[in-house]
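Remarks on the structure that follows.
What follows is calculated from the coordinates using simple rules that are stated; it is not laboratory data. What you are looking at is a predicted structure, and each value in this text was computed from that prediction instead of being measured. Counting neighbours? That spans all protein chains shown, and the Cβs are built from the backbone with ideal geometry, glycine included.
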């Protein structure tokens, strides 16, 4: 290899690694900000004299704008400079977090949460866009796993450090420090993201793109949407209702519950990174992306649901073991969800596809917690809610394995004439 070419490849690899690290950090911050209101809720409710109904609206309001505007953000990421789309969204959601700390009533808090949801819509489409363009298939599992690990680490760190900050200084400093402190992320992002045209994208089998209408005609799109809906149903079931289950039916103390849930999030993050690395090595050894990616997503989400159902049937000690294993299986699945999307869509359509998929997938955040609350309220127990969750997880496994087609780039009918560059 000529020295110039070797130096160029090394520079490209170093540049992409730094950008992937920043994207992983952004998702971690993303999930801390999603859950920060729940951490502050007990103090906030008393100080602002909020009713249970108002608090419930505030806790769910994030998903209203987040789900609704995901397709638009996906389109923007494909249409405009991903560097500035991501930066604008990140600034908006960090500002919304900071504004929460100075809010004086229900209406102001609601507006801040809606803005938070709007800003955070750019995160996954931007990540998919960058990874589809600049990370080869044999490295895409680990790169996505590092990003997805923030799903576990964000709530764990937010609950631990956020809880200490709220307890020591109150809820308003918590939001102000988190919001303004997060904006420091923009400095390396704007510095390290190279100028448009300065780095060439990886080669692809077909340099093509598609609009929403053509994407919606793909069977694999609906397979990934159904699969992500099930994955998110299990995830939001864990985030929103497992703490209540552990304290109400298993009679764990709040301290013990917090340790179990935090360890579960850690298991999710570690399993995600390990599974991403294993999946890449499997593909590098000659296995097809179809076999590898579908195995990890289908088996991961299916086992997560079954193991969680086992929690409600087992004794106290064994139920905790099953819970931790279920969280780990969630990480196994999560590491390979977005590599499938990025490969199917291709670099020029990854933003739109991710936006659509995340829109349908996050409807689970609207439906799941509400349905679980209804079932628990009617039956007085969590058993039927666990059964419903397990069924949804098995349907998601079938969606990944049977509905999603071969994991290779779709040959879109609309062709582009020039390759993209990292922007």
Legend entry - Cα radius of gyration and Dmax for the range 93-163 (Å): 16.0, 50
Inset, instruction - Please sort 65-76, 146-157 by packing, taking for each peptide the average over its residues of neighbouring beta carbons within 10 angstrom, highest first. - result: 146-157, 65-76
Inset, instruction - Multiply the residue gap between residue 391 and residue 110 by 0.36 nm, knock off their C-alpha separation, and tell me the result in nm, one decimal place. - result: 97.8 nm
Legend entry - At R0 = 60 Å, FRET efficiency that the Cβ-Cβ distance of residue 164 and residue 403 yields, to 0.05: 0.85
Inset, instruction - Starting from the exponent 0.38 and prefactor 2.2 Å, build the expected Rg for the range 295-388 from its residue count and divide its actual Cα Rg by it. - result: 1.31
Inset, instruction - Enter the Cα centre distance for the pair the range 84-143 and the range 341-391, rounded to the nearest angstrom. - result: 19 Å
Legend entry - All-pairs alpha carbon distance profile, the chain, 10 Å steps from 0, percent: 5, 22, 33, 26, 11, 3, 0, 0
Inset, instruction - In nm, give the distance between the simple-model label positions of residue 88 and residue 270, each being 7 Å from the Cα along the Cα-to-Cβ direction. - result: 4.2 nm
Inset, instruction - Please report the relative contact order for the chain, taking Cα pairs under 8 Å with a sequence separation of at least 6, and give it as a percent rounded to a whole number. - result: 27 percent
Legend entry - Length released on extending from residue 374 to residue 214, taking residue separation times 0.36 nm less the Cα-Cα span: 53.8 nm
Legend entry - Cα-based Kirkwood hydrodynamic radius, the range 18-146, one decimal, Å: 15.6 Å
Inset, instruction - Express in nm, to one decimal, how much length is gained between residue 313 and residue 79 on full extension, taking 0.36 nm for each residue of separation and deducting their alpha carbon distance. - result: 79.2 nm
Inset, instruction - For the chain, find the longest principal axis of its Cα atoms and tell me its angle to the long axis of helix 52-79, 0 to 90°, nearest 10. - result: 0 degrees
Inset, instruction - Enter the angle in degrees (range 0 to 90, nearest 10) between the Cα long axis of helix 383-398 and the first principal axis of the Cα atoms of the chain, meaning the one along which they spread out most. - result: 10 degrees
Inset, instruction - Please give the calculated 222 nm ellipticity per residue for the chain, where each DSSP H segment of at least 4 residues contributes -39500 (n - 2.57) and the sum is spread over every residue; nearest 500 deg cm²/dmol? - result: -27500 deg cm²/dmol
Legend entry - Viscosity 0.692 mPa s, 37 °C: Kirkwood-radius Stokes-Einstein D of the range 126-186 over Cα pairs, µm²/s: 237 µm²/s
Legend entry - Sites residue 47 and residue 381 - FRET efficiency at Förster radius 45 Å, r taken between beta-carbons, to 0.05: 0.85
Legend entry - Tilt relative to the chain, helix 137-169 - C-alpha long axis, 0 to 90 degrees, to 10: 30 degrees
Legend entry - Mean Cβ neighbour count within 10 Å, used as a protection proxy, ranking 373-381, 93-101, 240-248 highest first: 93-101, 240-248, 373-381
Legend entry - Per-selection Rg to Rh, the range 280-347 - Cα, Kirkwood hydrodynamic radius: 1.13
